[in-house]
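Notes for the one structure printed next.
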Amino acid sequence: MGSQRFAELVAEKTEGRITVDVGGSAQYGDDVEALTQMRLGTLALSANSQGSTSGVVEEFAVLGLPFMFDDLDTAYKVMDGEVGAQLDGSVRSFVYD
């Protein structure tokens, strides 16, 4: 599971100073609840689906279009570029405004 590996890497790289509590099976709520908790500051991080995220940050809906990217490499390049930066700005506005 990617979340568990992330938690292990954070603990390793920070020599245990920072820990990540991984909860599965909607332990911290469904995607929409997790997004709300992040906005309230009661949850620091969540790996959500594009569909649920677009319900609260509508710009994410574009990622649900079928066949938008030819392959994963192209998707990563787009998300690591200007488009990803714009989506990041949209999320930051949602969370911090």
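Using volume of the Cα convex hull per residue in Å³ as the read-out, say which of (i) 205; (ii) 100; (iii) 130 was calculated from these coordinates. Recomputing volume of the Cα convex hull per residue in Å³ here picks out (iii).
How high is the relative contact order of the chain, in percent, with contacts defined as C-alpha pairs under 8 Å that are six or more residues apart? Write out the running numbers ahead of the final one.
Values: 57 pairs, mean separation 18.4, N = 97.
Dividing the mean separation by the residue count of the chain yields 19 percent.
Packing, as the average of other Cβ atoms within 10 Å across residues, places the peptides 2-8, 68-74 in the order 2-8, 68-74, highest first.
By the gyration tensor of its Cα atoms, with a ≥ b ≥ c the square roots of the eigenvalues, what is the shape of the range 1-51: rounded for a/c under 1.5, prolate for a/b over b/c, or oblate? Since a/c reaches 1.5 and a/b is larger than b/c, the shape of the range 1-51 is classed as prolate. Each peptide in 18-31, 48-61 gets a packing score, the mean of other Cβ atoms within 10 Å over its residues, and the list from highest to lowest is 48-61, 18-31.
Read-outs throughout are calculated quantities, based only on the coordinates presented, and are distinct from any laboratory measurement. In this text, all values refer to a predicted model and were calculated from it rather than measured experimentally. For neighbour counting, all protein chains shown are included, and Cβ atoms are generated from backbone atoms with ideal geometry for every residue, glycine included.
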